[in-house]
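These notes are about the structure you will find just below.
The values are calculated or read from the model by the stated rules, or taken from the named source; none is laboratory data. Only a predicted model underlies this, so the values are computations on that prediction, with no experimental measurement involved. Cβ placement follows ideal geometry from the backbone for every residue including glycine, while neighbour counts extend to all protein chains displayed. Accessible surface areas use protein heavy atoms only, side chains included; no ligands, DNA or RNA. Shrake-Rupley method; radii C 1.70, N 1.55, O 1.52, S 1.80 Å.
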Amino acid sequence: MNHAPDITRIQTAQDIRSAYDGVLTPSFPERELSEFAPVASSIESGELVAFGTHGPGGEVASMIGVEVRGRVAMIVYLAIAPSLRGGGIGGALLDRAVRYARDEAGADYVLLEVERPDVHASSPEFGDPVRRLRFYERRGLEVLDVPFFVPSLRPGFERTPALLLGTLWASDAVRAGEGVLAAPILDFIREYFTATEGSFGEDEASAAIADALAGRTVRLRPAADYANSPAGLLPGSLIERPDPPR
């Protein structure tokens, strides 16, 4: 891109509908995208703060969301309209979201979920996990030692296994040794899962997340070392982790 994109807050009903239909729906598998009504409600209430750019016709052409609970922010729904991908908009959106979380919302952690490249395959529709991880690695991603997965986001849909949970930024106040303080992250994840599934820690897979965050700190790894972090595989899932790296 020859100039910085014009990034604005997405708040109006028209923009939310445009973002959902034209940007989010073609960018995420159905099970990784909440239904329109809860997404719209969370943006309208301010629970989810959304930024984006607009196309020449006024339509939303890209979007990123930031959800803040207590001291923790989570980046969600970074997506670009298919015709505009690769033009530098994603990096500008991510920078804006991190600045909001850190400087305006006062978060001590900026978290991110991203697919494990050693488990998830690339696809023409939803992109390449290897390239996606490298994109975030260039922007400071460190991976938490947590066997993470995405909870069920809509009725009738399964959880999404084997996601990396990482930080794009963490304040000095929460860094400790090779990791970060775990309790605020555990509180965030508990609220996240309870909001989507109604409970947390009552089954083996979510209990494993809770166990990983039960200590004073949780380890951070360089993104390049992600394969040595525990994988959040799920009982009965057709997605399995290959043999561990040697």
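Things worth noting here:
- For region 8-36, a residue qualifies if it is hydrophobic (A, V, I, L, M, F, W, C) and over 27 Å from residue 115 (Cβ atoms), and exactly one does: 13.
- Boolean, residue 17 is open to solvent by 20 Å² or more (accessible area, probe 1.4 Å) and farther than 28 Å from residue 123 by Cα: no
- Annotation: of all residues in region 210-246 being open to solvent by 80 Å² or more (accessible area, probe 1.4 Å) and of a type in the set (D, E, K, R), the one that is modelled with the lowest pLDDT is 246.
- The residues in region 10-36 that are closer than 17 Å to residue 47 by Cβ and not in a loop (DSSP other than H, G, I, E, B) can be counted, and the count is 8.
- Among the criteria (1) open to solvent by less than 40 Å² (accessible area, probe 1.4 Å); (2) assigned to a loop (DSSP other than H, G, I, E, B), the one residue 202 does not fulfil is (1).
- Criterion: open to solvent by less than 10 Å² (accessible area, probe 1.4 Å) and out of contact with any Phe, Trp or Tyr (no Cβ under 8 Å at 6 or more places or on another chain) - qualifying residue of 151, 124, 129: 129
- When region 132-144 is limited to residues that are of a type in the set (D, E, K, R) and more than 23 Å from residue 196 (Cβ to Cβ), the one that is surrounded by the fewest Cβ atoms within 10 Å (Cβ to Cβ) turns out to be 138.
- Residue 163 passes every criterion in (1) within 22 Å of residue 102 (Cβ to Cβ); (2) in contact with a Gly (Cβ under 7 Å, 6 or more places away or on another chain); (3) among the aliphatic types (A, V, I, L, M) apart from (1).
- Checked against the criterion of being touching a residue at least 60 places away in the same chain (Cβ under 8 Å) and open to solvent by 40 Å² or more (accessible area, probe 1.4 Å), the candidates 104, 35, 59, 44 yield just one match: 35.
- Sole residue being among the acidic types (Asp, Glu) and at pLDDT 95 or above, chosen from 30, 47: 47
- The residues of region 107-121 that are open to solvent by less than 20 Å² (accessible area, probe 1.4 Å), more than 24 Å from residue 173 (Cβ to Cβ) and not in a loop (DSSP other than H, G, I, E, B) amount to a single one, 114.
- For residue 132, the conditions (1) within 22 Å of residue 31 (Cα to Cα); (2) within 17 Å of the chain's Cα centre (by Cα); (3) touching a residue at least 40 places away in the same chain (Cβ under 8 Å) are fulfilled apart from (3).
- Pair list, Cβ under 6 Å, 6 or more apart: region 21-32 residue in contact (Cβ under 8 Å) with a residue 40 or more places away in the chain and under 15 Å from residue 52 (Cβ atoms), other residue open to solvent by 40 Å² or more (accessible area, probe 1.4 Å) and not charged (D, E, K, R): 26/82
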